[in-house]
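Contents: one structure, followed by commentary.
The values are calculated or read from the model by the stated rules, or taken from the named source; none is laboratory data. Bear in mind that the values here come from a model prediction, so they are computed numbers and not experimental data. Cβ: placed from backbone, ideal geometry, glycine included. Neighbour counts: every protein chain shown. Heads up: the accessible areas ignore ligands, DNA and RNA and are worked out on the full protein's heavy atoms, side chains in. Shrake-Rupley method; radii C 1.70, N 1.55, O 1.52, S 1.80 Å.
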Amino acid sequence: QVTLVESGGGSVQAGDSLTLSCAASGRAFSSYRMGWFRQAQGKEREFVAGLDWSGGATAYADSVNGRFTISRDNAKSTMYLQMNSLKPEDTAVYYCAGRLSGSWDVPRAYAVWGQGTQVTVSS
């Protein structure tokens, strides 16, 4: 089992960029397919992006496709989310999560979750 810790959140203006990091402890990071989710106040948690063990296969929500890039460095046990052209509607708590099987975009498929990092985008 791994433990996940997100970092890199903050308050930015619309159009700015941020990079989130998800650091994993434990030896099994490379075994996990990873994903980013977000939850805005008063809304359900939603899928943002996911990738496989190697990072060679990725998936994105339509709302972020073309603006966000997910990646991982298994040697550093870290996953990233590069977020460009941020919009006010991207404001949410962002969570990284790991799964061993199941669907990209289904939260219950993910067994391990970080504590979340707040991203606030003002217009």
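Carbon and sulfur together cover what percent of the accessible area of the chain at a 1.4 Å probe radius? Exposed carbon and sulfur together represent 45 percent of the surface.
Quick one: length gained pulling residue 14 to residue 105 fully straight, 0.36 nm per residue minus the C-alpha distance?
Extra length from residue 14 to residue 105 when fully extended: 30.2 nm.
The residues of the chain expose on average 49 square angstrom of accessible surface per residue, using a 1.4 Å probe on protein heavy atoms.
In this structure, the amide hydrogen of residue 91, modeled 1.01 Å from its nitrogen in the peptide plane, lies closer than 5 angstrom to those of 121, counting only residues at least 5 positions away or on a different chain. Short-range pairs are left out: with C-alpha atoms under 8 Å and at least six residues apart, the relative contact order of the chain is 35 percent. Taken about its Cα centre, region 31-102 carries a charge dipole of about 140 debye when Lys and Arg each add +1 at the Cβ and Asp and Glu each add -1 at the Cβ.
Rounded to the nearest 0.05, the FRET efficiency derived from the C-beta distance between residue 118 and residue 65 at R0 = 35 Å is 0.95. On the beta carbon distance between residue 44 and residue 76, with R0 = 35 Å, the FRET formula returns roughly 0.65. Using only side-chain charges placed at the Cβ, +1 for Lys and Arg and -1 for Asp and Glu, the dipole size of the chain relative to its Cα centre rounds to 300 debye.
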